[in-house]
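Okay, so here's the structure we're looking at.
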Amino acid sequence: MTWFIEELALFAPAIVFNIYFAVASIPLGFVAAVFLALGKDSANPLISRLSRGFIYAFRGSPLFIQFFMIYSLTLSFNISLWKPLGLSWFVLHPLFIGPLVLTLNTAAYTAEIFYGALRAVPRGEVEAARAYGMSRRQQFRQVVWPNLIRLAWPAYTNEVVFLFHATAIVYFALPVIGLQKDVMITAKELFERDYNAFLHFSVAALYFLAVSLVIFFLFGLVYKRLMRHMPAAPRMRFMPKWIR
Amino acid sequence: MSDNLAFWLSYLTNGKHLTWYASFQFTIFAALAGGMLAVIFGLAGATLKNSRFFALRLIGSTYSSIVRGVPDVLFFLFFPLAFEQAVEWFMASQVCTPETLAAQSATWPPCKEANWFLGTPEYLILASVSLGLVYGAFATNVIHGAMRSVPQGQLEAARAYGMSATQVLWRVHIRQMWVYALPGLSNVWMLIVKATSLLSLLQIADIVLWADRLGAPNYLSAVGLVHDDWRWRYYLVLFVFYILVTFASEKAFGALMNRAGRGILSEARS
Amino acid sequence: MKKLILAAAALIVLGTTAQAQETVRIATEGAYAPWNFLDDSGKPAGYEIDLANAICAQAALTCEIITNDWDSIIPNLLAGNYDVIMAGMSITDERRQTINFTQEYFPADPSRYVALAGTEIDFDNLSGVRIGAQSGTIQATYAQDNLAADNTVIVFNTADQAVADLAASNLDVIFADGAYVDPIVAASNGTIEYIGPEIMIGDGMAAGLRKDEAALEATLNDAITALKADGTMDKLIAQWFDGRGPYYAQ
């Protein structure tokens, strides 16, 4: 049993990096997604086209390639831009560029979810709000947004779990600084030492599974609160969906 | 200008680039084979989940929830390694003798005769199988849901015609199920296409590995054209390639759904 | 059905092992010029590829060269995906614990720091420096063991990626094999230059094998001895490494 606890302990510092990547990118991605979804729905053709293009590009290409591309692209601006600004150490740090790419990625996926929810907001409620003489801002704050977030929350939970899983490939694409290693790199290095694929990868999987369950639990609590006006609050189950 | 054009043309058609273009076959193979296997595993998983026996139902739902609960890349790395070790373990139980076991100094495999050499073709097949297994878990859910969406009346009608349970399953239930499953399967297909970018992690010289090698800065004329870091240009090509594949897939699935949805109430098409 | 699958698996395994006894598979990285790289035709080329061919001709072996990422090159050797590593790998005591080495085919050579021209670094109290290296190399291990406390050690999957980050000024120095950076410094038109001390790590480069391959090891050692004696190795070194050698002339 002690060997198992030792094995778990080996991964404990590593999971912090995966959690960091997820926590650093989810809030920003959320905010960006709201604007992108509104942009895609916008009547202004330019804004709509740009938002659509961004969402399509980042949903239509692999995150792995986005990492490589954005890292080498950022690197190519180092001498002309980041260095003179004194930002070089920061901009090219995996702990910055990792969340940056993840944010762009999750913003696109989340925006698509929010856009779908936005279209599903009952027309009648919006019209009623207009009839009350609400400004567009008020309409959004009081009517559209509460509807949207309730409709989107289960799918968004799913997206957050996917994003957390996506943090597993960060260090396959970015350089590793010192001892900053995530769960996947740790598992791979341990495997390369003693060949016990079943042990190391299972423990890594266990960590991912555990955090996924925690995410479901926390987002389930939020969902309950969002739906507290309903007679029987629907419960969320641990069920990563195929939709992404 | 024409000199320039000729130079770039010959640069972009040198052997290294041709190998890069040729390596697209690995990606395409893995996507198609992985997609097909995903549907097969999905059907198997959904059948298990629909089973009358609790044990089989448990296997079906454990498979689909465990695999979906861990990152695809983890399973993608783990499965080929585990499969190789399992085959070698099986071989060891067949071919190893006490002498060869004693002669083996490395920790794995148990004896030299049980060793399994893995080259690109084997890895490619293993990669496709692991893509199939991972996304088969997603397809399980899609197909499970779709099978429950088939109107009960149709199944009853089939039974009333005197079809056996197997006939109902294969001739009516599964055939009618596709219409409901297609939108979900299209999503799963997109996930598989994007996951093919991970092939280089299994030592397959795929498009991503070549993009890195071609774009890496080069200072030695013996190696090829001397240039700075050009990687982002090559990755941009891959970025666009995948977007185009997504676009084409969407169109193809759209056409497929239209075809499959003929004669069916519009509620099935979404 | 299950039996059928197992039988098929057994067939695959038997088929490939039978094949494997005839050909010796040699793994290289393909991203470490001039030792090994992928040339304009997309095939492995370089000193080690020429040398491998010479060794195989000398020992009358049929050889096949395959590429494998540097990171997993020892694990995949142990897993039996190939029989020999020739990938600019230096002999170290740590590696000797897991694999065997033939005699060296490239002499011990000091590792060097290189930096962009005009960089000033006090190597007597090295601190706050961003040091790049390829992960899993002797230089990366050295830097992580000796320099990581006061400096930032950044490891990359390939040496070329480290060079790209140096050229883009994201690293202060890279720490690598002298003979790897020689041609880069020479070809950079003065933008990249040597800096700091030369540091001797490793016992020269050699081919790596699994510990139970005594027969193959002896064959390779004999072939290498012969190639050293008849001057082939020095000729190849002179051809691929400007101004190096002769090392093994009698």
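The values are calculated or read from the model by the stated rules, or taken from the named source; none is laboratory data. What you are looking at is a predicted structure, and each value in this text was computed from that prediction instead of being measured. Cβ sites come from the backbone with ideal geometry, for glycine too, and all protein chains shown count toward neighbours.
What the table below lists for this structure:
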quantity	calculated
Unmet requirement for B:ASP212, which otherwise passes all of (1) in contact with a helix residue (DSSP H, G or I) (Cβ under 6 Å, 6 or more places away or on another chain); (2) within 14 Å of chain A (Cβ to nearest Cβ); (3) touching a residue at least 12 places away in the same chain (Cβ under 8 Å)	(1)
Flag for B:LEU32 being surrounded by fewer than 17 Cβ atoms within 10 Å (Cβ to Cβ) and part of a helix (DSSP H, G or I)	yes
Residue in the range C:186-211 that is farthest from C:ALA223 (Cα to Cα), counting only those that are in a strand (DSSP E or B) and within 12 Å of chain B (Cβ to nearest Cβ)	C:ILE192
Odd one out for B:ARG148, checked against (1) farther than 30 Å from C:ALA45 by Cβ; (2) in contact (Cβ under 8 Å) with a residue 24 or more places away in the chain	(2)
Leading residue by the ranking (nearest to A:PHE90 (Cα to Cα)) among those in the range A:174-217 that are part of a loop (DSSP other than H, G, I, E, B) and of a type in the set (S, T, N, Q)	A:GLN180
Residue satisfying condition, being within 14 Å of another protein chain (Cβ to nearest Cβ), among the small types (Gly, Ala, Ser), surrounded by 19 or more Cβ atoms within 10 Å (Cβ to Cβ) and assigned to a helix (DSSP H, G or I), within set B:SER128, B:SER197	B:SER197
The one condition in (1) within 14 Å of chain B (Cβ to nearest Cβ); (2) surrounded by fewer than 23 Cβ atoms within 10 Å (Cβ to Cβ); (3) within 15 Å of the chain's Cα centre (by Cα) that C:PRO183 fails to fulfil	(3)
Count of residues meeting criterion [in a loop (DSSP other than H, G, I, E, B) and surrounded by 13 or more Cβ atoms within 10 Å (Cβ to Cβ)] in the range C:118-131	4
Residues located in the range A:48-99, provided they are more than 14 Å from chain B (Cβ to nearest Cβ), surrounded by fewer than 20 Cβ atoms within 10 Å (Cβ to Cβ) and under 18 Å from the mean Cα position of the chain (by Cα)	A:LEU95, A:PHE96
One residue from B:SER23, B:SER51, B:SER2 being within 14 Å of chain C (Cβ to nearest Cβ) and among the small types (Gly, Ala, Ser)	B:SER23
Residue within the range B:149-159 that is within 30 Å of C:THR158 (Cα to Cα) and touching a helix residue (DSSP H, G or I) at 6+ places or on another chain (Cβ under 6 Å) present	no
Positions within the range B:124-178 being charged (D, E, K, R) and under 28 Å from the mean Cα position of the chain (by Cα), in sequence order	B:ARG148, B:ARG171, B:ARG175
Residue that is at pLDDT below 95, more than 23 Å from the chain's Cα centre (by Cα) and within 14 Å of chain B (Cβ to nearest Cβ), where the choices are C:ASN125, C:ASN170, C:ASN151, C:ASN157	C:ASN170
Of residues in the range C:132-148 being more than 8 Å from every other protein chain (Cβ to nearest Cβ) and part of a helix (DSSP H, G or I), the one surrounded by the fewest Cβ atoms within 10 Å (Cβ to Cβ)	C:ASP145
Residue, farthest from B:LEU209 (Cα to Cα), within the range A:143-195, restricted to residues that are aromatic (Phe, Trp, Tyr) and under 13 Å from the mean Cα position of the chain (by Cα)	A:TYR156
Options C:LEU77, C:LEU61; residue that is outside the structural domain of C:PHE175 (by TED's automatic domain parsing) and crowded, with 22+ Cβ neighbours inside 10 Å	C:LEU77
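A quick yes/no check of all residues on (1) among the aromatic types (Phe, Trp, Tyr); (2) crowded, with 20+ Cβ neighbours inside 10 Å; (3) closer than 20 Å to A:ALA22 by Cα:
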site: A:GLU125; (1), (2), (3): no, no, no
site: A:ALA131; (1), (2), (3): no, no, no
site: A:GLN138; (1), (2), (3): no, no, no
site: A:TYR156; (1), (2), (3): yes, yes, yes
site: A:ILE169; (1), (2), (3): no, yes, yes
site: A:VAL183; (1), (2), (3): no, yes, yes
site: A:GLU189; (1), (2), (3): no, no, no
site: A:LEU221; (1), (2), (3): no, no, yes
site: A:MET227; (1), (2), (3): no, no, no
